[in-house]
Amino acid sequence: MNNDKIFFQNKKTIVSFVLSLFVFYIHFRVFSVFKMADGPLNSILQQLIVFTKVAVPLFFVISGALFYRDYTWRLTFKKWKNRFFTLCIPYLVWNTMWTILAFIGNYTSLGILLGGTKAEFTLTNLLNGVFLYGYFEPFWFIFRLIVLTAFCPVIYLLLKNKWVGLCSILAFYVASCFDFGLNILMIQNLDMVIVYLIGAWVGIHKFPLFTARKCKTYALIGFVVYILCCVFHGLSQKLPQWFFAPQISLLVTIISCGAFWVAFDYFDMKKCPKFMSYSFLMYALHSFFGAAISKILDMIMPSGQACLAITATITFLTTITCICIIGWCLDHYFPLLRRILTGK
């Protein structure tokens with residue numbers, strides 16, 4: 001593998017891990033211990049959320065670019081087969097696990113340590129949990145990718161020509177300004193479809209540019225632009241509602257995705273720490289460990305803002321550590337299980 005490929009692989013792995021931490025932080029407020037946080041801690045948690053706006057959209061951009069980088073009509077079935085193992089199987093396995101935990105939580109006192117999700121054991125709940133991520137909301141992301149993958153021939157048809165593709169993306173953007181959705185595909189809004197299409201277009205027409213390392217000057221410019229986008233998101237609540245009619249926030253988010261990606265070109269990326277390859281595990285397990293650890297700490301820690309801040313810090317760091325340990329154990333002792341759980 002040449003240096004350019006090594007750089008891109010390491011960059012993709014590191015960026016994906018950072019984005020998975022962003023997703024963890026986004027869901028941090030969902031944990032019951034922090035849901036009702038007020039005072040300075042609430043203000044800090046709320047202000048920091050603006051830095052995570054790039055998390056899910058950039059995941060979609062990267063996924064689209066990687067899927068379509070070498071796409072041709074004859075590769076359609078091969079692509080579907082690959083995504084069946086890398087997306088569908090992990091999606092169904094994890095959903096089954098969370099559904100079982102929801103059933104256990106409903107009939108035992110362990111529910112308080114299982115994320116608080118409870119469900120009666122019925123066929124409807126079983127099907128909803130396994131196939132429609134009923135008891136693990138973060139997997140809406142994987143579900144959307146599966147749906148978009150199923151329609152890859154249509155997407156390729158729209159994007160195969162460079163200019164027709166750009167016009168198609170613009171058409172989707174205009175439709176999103178009027179709150180148009182694709183409910184028939186169980187995709188309620190077009191924002192993630194648009195960023196995925198952008199990634200797919202890049203994969204088809206500009207993949208070498210996407211993978212190439214930019215100079216450090218561009219990387220610094222990317223970092224500054226990313227910060228400015230975060231500032232915009234932080235100030236957006238103070239702007240008049242009419243300002244957002246043309247999906248200005250989505251445009252800023254798209255810009256921040258590119259800026260964030262380019263900013264990482266500042267680093268050499270010659271090596272990638274092994275624990276950063278556990279981004280899928282981080283995505284799949286952060287809610288479980290975060291909720292359990294925070295609730296245990298809440299039982300033993302005194303009340304107060306200072307103690308709640310300590311609880312938040314310990315929860316965040318301990319969750320990351322536990323998931324990395326699980327990833328290491330899977331790598332060394334259960335490689336087949338790792339492939340089933342992560343699709344890698």
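The values are calculated or read from the model by the stated rules, or taken from the named source; none is laboratory data. It should be emphasised that the depicted structure is a prediction, and the values quoted were computed from it without experimental measurement. Positions of Cβ are backbone-derived with ideal geometry, glycine not excepted, and every protein chain shown enters the neighbour counts. Heavy atoms of the whole protein, side chains included, go into the accessibility calculation; ligands, DNA and RNA do not. Shrake-Rupley method; radii C 1.70, N 1.55, O 1.52, S 1.80 Å.
Scanning segment 265-276 for residues that are under 18 Å from the mean Cα position of the chain (by Cα) and closer than 12 Å to VAL15 by Cβ turns up just one, MET276. Scanning segment 214-229 for residues that are assigned to a loop (DSSP other than H, G, I, E, B) and closer than 13 Å to GLY258 by Cα yields a single hit, LYS214. Restricting attention to segment 217-251, the residues that are modelled with pLDDT of 90 or more, of a type outside the set (Val, Ile, Thr) and open to solvent by 70 Å² or more (accessible area, probe 1.4 Å) add up to 5.
Checking each residue in segment 42-74 for being part of a loop (DSSP other than H, G, I, E, B) and within 10 Å of the chain's Cα centre (by Cα) picks out only VAL54. Here LEU45 passes the criteria (1) open to solvent by 20 Å² or more (accessible area, probe 1.4 Å); (2) at pLDDT below 80 except the one numbered (1). The listed residues are TYR135, TYR156, TYR71, and the only one of them that is of a type in the set (Ser, Thr, Tyr) and in contact with a Ser or Thr (Cβ under 7 Å, 6 or more places away or on another chain) turns out to be TYR135.
Being of a type in the set (Phe, Trp, Tyr), open to solvent by less than 50 Å² (accessible area, probe 1.4 Å) and either assigned to a helix (DSSP H, G or I) or at pLDDT 80 or above (or both) is a property that PHE84 lacks. Considering segment 5-17, and only residues there that are among the β-branched types (Val, Ile, Thr) and open to solvent by less than 30 Å² (accessible area, probe 1.4 Å), the residue that is farthest from CYS272 (Cα to Cα) turns out to be VAL15.
Of all residues in segment 133-147, those being assigned to a loop (DSSP other than H, G, I, E, B) and touching a His at 6+ places or on another chain (Cβ under 9 Å) number 0.
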